[in-house]
Amino acid sequence: MNFEEAKDYLLQKARQIGLEAEVLATETREMSLSAFEGRLEEITQATQGGLGVRVVVEGKVGYAYTEEKTPEALDWAMQEAYENALLQAGGEAFIPAGQALGQHDLLGEGLSAPLEKKQAAALAVEATLRQDARVKQVPRTAYREQEVEVVLGSTQGASGGYRTGVSVLMGSAILERGGAPKQSWNVDVSREFHALEPGKTALELIERTARLLGARPLKTGKYRAYFEPKAFAQLLGVISFLFSAKNVLEGKSLLADRVGERVASGLVTIVDDPTLPGGIASRPFDAEGTPSRPLVIIEQGVLKGFAHNSETARKMGVESTGHAQRGYKGVLGVGYSNLFLKPGSGVRLEEGVLVTEMMGLHAGANPISGDFSLQALGLKLEGGEVAYAVENFTVAGNLLTLLQSISAVGGELEWEYWGMALGAPMVEVAELSFAGA
Amino acid sequence: MLAETLVSDVLRTARSGGADFAELYVERWKRRGMRVLNGEVKEAASGLEYGAGLRLFYGTEVVYAYTNDLSAESLLELTETLVKLKGRAGQVDAQGRGGLDFRKQAAQGLHAPEVPLLAKDRRYRLERLLEAEAAARVAPEIKQVQTQLLEWEQEVLVATSEGKWVEDRRVRTRYVVTAIAQGEGGMQTGSMGPGKSVGLELFELYPPSVVGRQAGEQAMTNLRAKPAPAGTMPVVIGNAFGGVIFHEALGHLLETTSVAKKASVLSDRLGEKVASSCVTYIDDGTTPHGWGSSEFDDEGLATERTVLIENGVLKGYMVDRWGALRTGLRPTGSGRRQDYTFAPTSRMRNTFIAPGDTPKEKLFEGIEFGLYAKDMGGGQVKPGSGEYNFGVKEAYIIRRGRIEEPVRGAMLVGKGPDSISKIAAVSSDLETAPGMCGSLSGSLPVEVGQPHLLISEIVVGGQA
């Protein structure tokens, strides 16, 4: 069976048993080309896909998925989903009324370049990196592309699909001076192969790593902090946990009950825009078939609302914002597309620490308590100039206090891709705790 | 899972297309999971994953393909595409002709479950999770309790052009209890998550009433904790999941994935003293029912116990097939991958610091001011610079040799080789704990472990 047939088989089966059901299927084609020492060291070519089913039985919801598309496997999935549903206490679950959503192509000709050009791009990143005498090793450079087909259908009328994809150049390099190596990554993501520039990816990586050579320990204390756009974007990824209506309903968000209140500095406006033209994570509709539209979450410091799927929206008495998220293996959640901190009027570097990169976000930031303590890499600023590089230090605080202490926002947006696209300009925070020597 | 003739055809097609070596990996997983929040099942899900990965070696160059269309046409077409991608189609190798004479090996059931996936019904599972939840509610401040159960059964076949045919079967079960306490200290969390290569007998090995209570108590401790101090100080690290620090600071630096490319600060250092003499570090894939154990690795090699560091001297690396080709070292049964969508790389299995002989109490003696990092979260490392970090879930101040008030939100950072040389003493109370490790070949179950130990100096990131 192909995906379309398998989806129809599952929906047909659900109707026969008298269940409400929704089927989300994805098929991904991927290729990656890694270069090492001037040759293509690893080439990967792949197709993968599966179907996830969400069923509702007497107001209770259950899930199952399968990558095997035989009738036996599909029957197994339907039966498992049904039995999983019976476990729920609930009684309020539902599959939302759907509509015809059409077929959308967000990728177009984005990946259409000959294989040779893509191979050359992977090799060019490596070659450029190795030209620099300070580069001691280049563990990995790669070109990678991914094309995704999403198909959605439900017994409640949802039907539609879209095609999307990305083209990625990445590299990692180790630079050394005085026996103290530094390693960094650089990843450039685009919808269009032709928009990628191997030379730029490589040079940025060298520049970002080289400025950290000769780093000294940072003296423990409180400093003004400047976050480079990509570093703040990572932090925004953690902060986004607080905006999910699912987390609010489960008592896990510090922002519960604070809609309409000032929760951040007046310089802070945070938006999720799934309709952003050329946006890496743009989508025509969400995982339940709710059409996409931009959502302003914080406007000039005031919390305007949360991101919802149909389930959280009904529980909170609002409309879904089109932020349902579900992969075929997953359960219904809330997720963002292109989430960004809106650029402001600019940041002037003075005294403090310029944080260029953060590490350990999954372990060092607790979005439930809001506390964070993160390993950082950066530069010490004195009199508006870079005085020296600093290492082996952490930056700590609380996510909400941080949002409130933002004292300036830069004018240029940069993007990071972490399953969702995260955008931020340079951000200045009045004071944060730094631990070092 | 696949007919022998088809496997043989795929491998021979690859060989006759010029590959030095071909390996087909096939797997089928059944997974079940449920998440219960405040007494209600929030989500229950099941899954069936089924796919194959084909890896060809041309010297040390690798081409890899995966698919979950396992029909004969699809697999043979994929093989031909791969051969063409490498651009050496038509270089017929005489050895590649004729049938393959597979030497078949199957798992002996060393880590087999007592209570398999299909043995008990969903209600039984739910009741155990509810028991854990009840136990976690140690105080009125515990406002939310979430429990999650994950179980899986994975069948694996690895067949190679060298005639290897290995079938393995891995069963794993884990549950995680997270308690959220709310009070004057804001919202604070505590969590515990036992896991083993066992079936539902996990609930007997780690009773929900005990695990739940530990999670609840940790949340309460964090609720009354003050922000952690900041600065460089001596730190005593707790046993069991405390071992995650050396997973990051040391383990990742000893995988041939970075070692062979000279992209690890510990490359080319066999026989050298790289750690304090009280450190012996072992990676063992054979631990009975270990969370990171399996009878065979994902390249079809029997797993083994690998001594990495003995009394401070570097004795070995974790070596996969590619790493063996690049370094000339013997493979150690360390080739692992998350699933068929990843080519294997050298990875840790169950990695631990061997017990020492300092009584635990002695570790604290003489510390004027320091941190007792009792329970740890995860961490991260850059092998090329050795810079690592890890988060602390439960910590206390050490003052004049005594464990005093709790502190929260600490992170430890350092450079691996520097930190391991500062291990001053190792206690005898080795314990292990499960975790998930993310790297090039995906996210894998690994066990970490250690006895209590003292690091004379490390950067503690906190706010106070």
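The values are calculated or read from the model by the stated rules, or taken from the named source; none is laboratory data. All values reported here derive from a predicted model rather than from experimental measurement. Glycine also receives a Cβ, built like all others from the backbone with ideal geometry; neighbour counts cover every protein chain displayed.
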Lone qualifier among A:A421, A:A365 - being within 14 Å of chain B (Cβ to nearest Cβ) and crowded, with 23+ Cβ neighbours inside 10 Å = A:A365
Residues of segment B:156-209 classified as among the β-branched types (V, I, T) and more than 24 Å from the chain's Cα centre (by Cα), total = 2
Residues of segment B:326-366 being without any contact (Cβ under 8 Å) to a residue 12 or more places away in the chain and either part of a loop (DSSP other than H, G, I, E, B) or surrounded by 24 or more Cβ atoms within 10 Å (Cβ to Cβ) (or both), which ones?
-> B:G328, B:R330
When residues of segment B:252-269 are filtered for being of a type in the set (A, V, I, L, M), under 15 Å from B:S334 (Cβ atoms) and within 12 Å of another protein chain (Cβ to nearest Cβ), how many remain?
-> 3
Could you give every pair whose Cβ atoms fall below 8 Å, whose first residue belongs to segment A:342-353 and is touching a residue at least 24 places away in the same chain (Cβ under 8 Å) and closer than 16 Å to A:G301 by Cβ, and whose second residue is outside any loop (DSSP other than H, G, I, E, B) and hydrophobic (A, V, I, L, M, F, W, C), counting only separations of at least 6 or pairs across chains?
-> A:K342/A:I270; A:K342/A:V271; A:K342/A:V409; A:P343/A:V409; A:G344/A:A408; A:G344/A:V409; A:S345/A:A408; A:S345/A:V409
Do any residues in segment A:110-138 that are closer than 24 Å to B:K262 by Cβ have Cβ atoms under 6 Å from those of residues that are among the aromatic types (F, W, Y) and crowded, with 16+ Cβ neighbours inside 10 Å, where the two are at least six apart or on different chains, and which pairs are they?
-> A:A122/A:Y143
Note on segment A:63-102: residues on the phi > 0 side of the Ramachandran plot and touching a residue at least 40 places away in the same chain (Cβ under 8 Å) are A:G102
In segment A:424-437, anything over 29 Å from A:V166 (Cα atoms) and more than 14 Å from chain B (Cβ to nearest Cβ) is listed as A:E428, A:A430
In segment A:6-37, the residues that are assigned to a strand (DSSP E or B) and either among the acidic types (D, E) or under 15 Å from A:G62 (Cα atoms) (or both) = A:E20, A:A21, A:E22, A:V23, A:L24, A:E27, A:E30
Set A:K222, A:K252, A:K246, A:K230: member being within 30 Å of A:A120 (Cβ to Cβ) and touching a residue at least 24 places away in the same chain (Cβ under 8 Å) = A:K230
So which strands (runs of 3 or more DSSP E) stay within segment B:371-464 end to end and still have 2 or more residues that are facing chain A (nearest Cβ under 9 Å) and closer than 14 Å to B:G251 by Cβ?
-> B:387-399
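To keep it simple, each residue is scored yes or no on (1) within 14 Å of another protein chain (Cβ to nearest Cβ); (2) under 15 Å from A:N338 (Cβ atoms); (3) buried (at least 19 other Cβ atoms within 10 Å of the Cβ).
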| position | (1), (2), (3) |
| --- | --- |
| A:G221 | yes, no, no |
| A:L255 | yes, no, yes |
| A:K304 | no, no, no |
| A:A307 | no, yes, yes |
Taking only segment A:310-353 into account, find how many residues are of a type in the set (S, T, N, Q), under 22 Å from A:E92 (Cα atoms) and touching a Pro at 6+ places or on another chain (Cβ under 8 Å).
-> 2
Odd one out for B:K273 among (1) within 12 Å of another protein chain (Cβ to nearest Cβ); (2) without any contact (Cβ under 8 Å) to a residue 60 or more places away in the chain | (1)
For residues that are surrounded by 11 or more Cβ atoms within 10 Å (Cβ to Cβ) and within 14 Å of chain B (Cβ to nearest Cβ), tally how many sit in segment A:104-119.
-> 3
Cross-chain or 6+ apart pairs with Cβ under 8 Å, segment B:244-258 first and closer than 12 Å to B:D283 by Cβ and of a type outside the set (S, T, Y), then modelled with pLDDT under 95 and assigned to a helix (DSSP H, G or I) = B:F246/B:I420; B:L250/B:G416; B:L250/B:I420; B:H252/B:S258
Within 14 Å of chain B (Cβ to nearest Cβ), surrounded by fewer than 21 Cβ atoms within 10 Å (Cβ to Cβ) and either under 26 Å from B:G384 (Cα atoms) or of a type outside the set (A, V, I, L, M, F, W, C) (or both): does that describe A:E176?
-> yes
Contacts under 6 angstrom Cβ, first residue in segment A:379-394 being more than 14 Å from every other protein chain (Cβ to nearest Cβ), partner assigned to a strand (DSSP E or B) and exposed (fewer than 12 other Cβ atoms within 10 Å of the Cβ), 6 or more apart = none
Going through segment B:57-103 one residue at a time, which ones are modelled with pLDDT of 85 or more, part of a helix (DSSP H, G or I) and more than 14 Å from every other protein chain (Cβ to nearest Cβ)?
-> B:A72, B:L76
How many residues are more than 10 Å from chain B (Cβ to nearest Cβ), acidic (D, E) and free of Cβ contacts under 8 Å to residues at least 40 places away in the same chain when one looks only at segment A:16-62?
-> 1
Check on B:A215, at pLDDT below 95 and either buried (at least 24 other Cβ atoms within 10 Å of the Cβ) or among the charged types (D, E, K, R) (or both) = no
Take segment B:165-176 and flag every residue that is over 30 Å from B:A219 (Cα atoms) and either of a type in the set (F, W, Y) or surrounded by fewer than 19 Cβ atoms within 10 Å (Cβ to Cβ) (or both).
-> B:W165, B:E167, B:R169
Say we look at segment B:104-118 and pick out the residues that are in contact with a Lys or Arg (Cβ under 8 Å, 6 or more places away or on another chain) and either of a type in the set (A, V, I, L, M) or assigned to a helix (DSSP H, G or I) (or both); which of these is modelled with the lowest pLDDT?
-> B:L117
Does segment A:65-73 contain at least one residue that is over 16 Å from B:R32 (Cα atoms) and in a helix (DSSP H, G or I)?
-> yes
Taking segment B:447-457 and keeping only residues that are more than 24 Å from A:S373 (Cβ to Cβ) and surrounded by fewer than 23 Cβ atoms within 10 Å (Cβ to Cβ), one is left with none
Filter segment A:194-217 for residues that are among the hydrophobic types (A, V, I, L, M, F, W, C) and more than 25 Å from the chain's Cα centre (by Cα) and give the result.
-> A:A210, A:L212, A:L213, A:A215
Identify, please: which residue in segment A:333-353 is among the aliphatic types (A, V, I, L, M) and either surrounded by fewer than 23 Cβ atoms within 10 Å (Cβ to Cβ) or touching a Cys at 6+ places or on another chain (Cβ under 7 Å) (or both) and is, among those, nearest to A:L267 (Cα to Cα)?
-> A:V347
Scan B:V381, B:V413, B:V460 and give me the residue that is touching an Asp or Glu at 6+ places or on another chain (Cβ under 6 Å), closer than 21 Å to A:A376 by Cα and surrounded by 23 or more Cβ atoms within 10 Å (Cβ to Cβ).
-> B:V381
